[in-house]
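These notes concern the structure reproduced below.
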Amino acid sequence: MSAKQAASSKPFLEEGSFPAHVGVIMDGNGRWAVRRGQIRTQGHLEGLKTAKKIVKAASDMGIAYLTLYVFSTENWKRTAEEVGFIMGLVKQYLAAELDFFRRNRIRIRYAGDARGLPPDIAREIREVCDDTRDFSGLQVILALNYGGRDEIVRGIRRLLEALPSGGELTEAAFRQYLDNPDIPDPDLIIRTAGEMRISNFLLWEGAYTEYWVSEKLWPDFTEEDFALAVTRFQGRERRYGGVTG
Ligand code: IPE
Ligand code: IPE
Ligand code: MG
């Protein structure tokens, strides 16, 4: 546990076995809105507020990496209105939060296929990644137009291009062709809205990730819920196929 973690952790967070990398499948925005008789986009607007709170909580807790599943390679199946709204929110968020990122030394990174994004969104992401690249605090990885299978296939393509240079194909060698090879595998993945599935998130990296599913819809998810997921993670026994005791 780092000094920063020790200083800023809530008292109910146990020391030790702190997750370095937490992934979040932020699900349930649409249901949140529909239950209130509102249109789905209202749920995304509310979901953005939760995302901001959880980024701050993860930063204060001293977590090193937070991957947010913002938009999957399958989410293009939604209406043009909903897709356009989400993309607009992302752009707005990045532009509006730059000061907050600076103050908190938060580095923004990207996972997914940027070539499939609207050019203005891709540019905004590139710029904020560049502007924050030297910050040494929490790294927030935005998974946008991200699919685990797509990441693996893009990795294989890059690997094949590099093949003439030789080298043995091992798991460690292949890992270098993933979107962010320097980032450790997620220790914990949280999914909201009660869904017990992975929905194409971090398939390679999640081989031994611990899962936590919250029944709460993403707009209702709080910092306390996030802390609870972390404490429950700390009580897990990770065996990686081995035996203990
Ligand atoms: C998650 O909420 C946000 C995205 C997938 C972009 P949903 O929009 O999937 O909400 P539900 O699952 O329909 O309630
Ligand atoms: C997963 O949620 C993708 C994101 C949260 C960005 P979905 O709502 O797309 O997943 P499914 O369709 O319920 O599996
Ligand atoms: Mg959903």
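The values are calculated or read from the model by the stated rules, or taken from the named source; none is laboratory data. Computed from a prediction, not measured in an experiment: that's the story for all the values here. A quick note on method: Cβ atoms are made from the backbone with ideal geometry, for glycine too, and the neighbour counts reach across all protein chains shown. Only protein heavy atoms, including side chains, enter the accessible area calculation; ligands, DNA and RNA are left aside. Shrake-Rupley method; radii C 1.70, N 1.55, O 1.52, S 1.80 Å.
Based on alpha-carbon centroids, what's the gap between region 88-143 and region 213-245 in Å, whole number please?
Centre-to-centre distance over Cα atoms comes out at 26 Å.
Restricting to DSSP H runs of at least four residues, report the calculated mean residue ellipticity at 222 nm for the chain, -39500 (n - 2.57) per run over all residues, nearest 500 deg cm²/dmol. It would help to have the intermediate numbers written out before the result.
Working: 9 runs with 103 residues, N = 245.
The per-residue figure over the chain is -13000 deg cm²/dmol.
Take the chain, connect every pair of alpha-carbon atoms lying under 10 Å apart with a spring to form a Gaussian network, then pick out the residue of LYS56, LYS216, LYS77 with the largest mean-square fluctuation.
In the Gaussian network model the winner is LYS77.
Which of the GluC sites (Glu not before Pro) across region 68-108 are loop residues per DSSP, with 15 or fewer other Cβ within 10 Å? It would help to have the intermediate numbers written out before the result.
On the way: sites: GLU74, GLU81, GLU82, GLU97; in loops: GLU74, GLU97.
The qualifying sites are GLU74.
Which number gives the lysine pairs in the chain that have C-alpha atoms under 23 Å apart and are eight or more places apart or on different chains?
Going through the chain pair by pair, I get 17.
Report the FRET efficiency, 1/(1 + (r/R0)^6), for ALA173 and VAL34, where r is their Cβ-Cβ distance and R0 is 51 Å, rounded to 0.05. Kindly include the intermediate steps, with their values, before the conclusion.
Values: r = 46 Å, r/R0 = 0.90.
Approximately 0.65, to the nearest 0.05.
Leaving out ligands, DNA and RNA, what percent of the accessible area of region 20-233 is carbon and sulfur, probe 1.4 Å? Working shown, then result.
Details: 5180 of 10020 Å².
Of the solvent-accessible surface of region 20-233, carbon and sulfur hold 52 percent.
Note down the nm distance, to one decimal, between modelled labels 7 Å out along Cα→Cβ at TRP204 and at GLU223.
Each label point lies 7 Å from its Cα, and together they span 3.6 nm.
Keeping every protein chain present and rolling a 1.4 Å probe, give me the accessible area per residue for the chain in Å².
Working: 12350 Å² over 245 residues.
Counting only protein heavy atoms, the per-residue value for the chain is 50 Å².
For the residue pair ARG78 and PHE135, what label-to-label distance in nm results when each label sits 7 Å from Cα along the Cα-to-beta-carbon direction?
2.5
Please give the length that would be gained between LYS49 and ARG149 if that part of the chain were fully extended, namely 0.36 nm times their separation in residues minus their C-alpha to C-alpha distance (nm, one decimal).
Values: separation 100, 0.36 × 100 = 36.00 nm, distance 2.91 nm.
Gain on extension, LYS49 to ARG149, equals 33.1 nm.
Please give me the summed charge of the neighbours of ASP99: other residues whose Cβ is under 14 Å from its Cβ, Lys and Arg +1, Asp and Glu -1.
Numbers: positive: LYS52, LYS56, ARG102, ARG103, ARG105; negative: GLU97, ASP131.
Summing Lys/Arg as +1 and Asp/Glu as -1 gives +3.
Which length gain, in nm to one decimal place, applies between LEU98 and LEU163 when the Cα-Cα distance is subtracted from 0.36 nm times their residue separation?
Values: separation 65, 0.36 × 65 = 23.40 nm, distance 3.94 nm.
Full extension of this stretch gives 19.5 nm more.
So which DSSP H runs in the chain come out at 30 Å plus along the axis (Cα) with average Kyte-Doolittle of at least -1.0? Each step should come with its number before you reach the end.
Working: long enough: 40-61 (31 Å, -0.60).
Going by DSSP H runs, the hits are 40-61.
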